[in-house]
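Below is one structure; the comments refer to it alone.
The values are calculated or read from the model by the stated rules, or taken from the named source; none is laboratory data. A quick note: this is a predicted structure, and the numbers were derived from the prediction, not measured. Note: areas computed on protein heavy atoms with side chains; ligands, DNA, RNA excluded. Shrake-Rupley method; radii C 1.70, N 1.55, O 1.52, S 1.80 Å.
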Amino acid sequence: KELIEESLSPEFDVIKFENLIELFEYVQKQNLSGNLLFSPAFPSFDQYKNYEIRGEHFTELALALNK
């Protein structure tokens, strides 16, 4: 994640999160609106068994934002 931040930060504002829950808490507190793109650069086997479970968790958290 440090390499990605280092590569992108000269052109973009970069905010790192340790997990999806931290990300969605940030989105909710900032009262952001619009489209949310989930594009992980690396697998997260330390947190999820596979990409399908990770995607399902992302969808669950995203849908909860509208409640």
Among E11, E52, E22, which one moves the most in a GNM of the chain with springs linking Cα atoms closer than 10 Å? E11
accessible surface per residue for the chain, probe 1.4 Å, DNA/RNA/ligands not counted, whole Å² -> 88 Å²
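Calculate what fraction, in whole %, of the accessible area of the chain sits on carbon and sulfur atoms when a 1.4 Å probe is rolled over the protein chains.
52 percent
Go through D13, D46 and list them by solvent-accessible area, largest first, probe radius 1.4 Å. Walk me through the numbers on the way to the answer.
On the way: D13 155, D46 130 Å².
I get D13, D46, largest accessible area first.
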Here the convex hull volume per residue of the chain, taken over Cα atoms and given in Å³, is 99 Å³
In a GNM of the chain with a 10 Å cut-off on Cα contacts, which of F45, F24, F12 has the highest mean-square fluctuation? F12
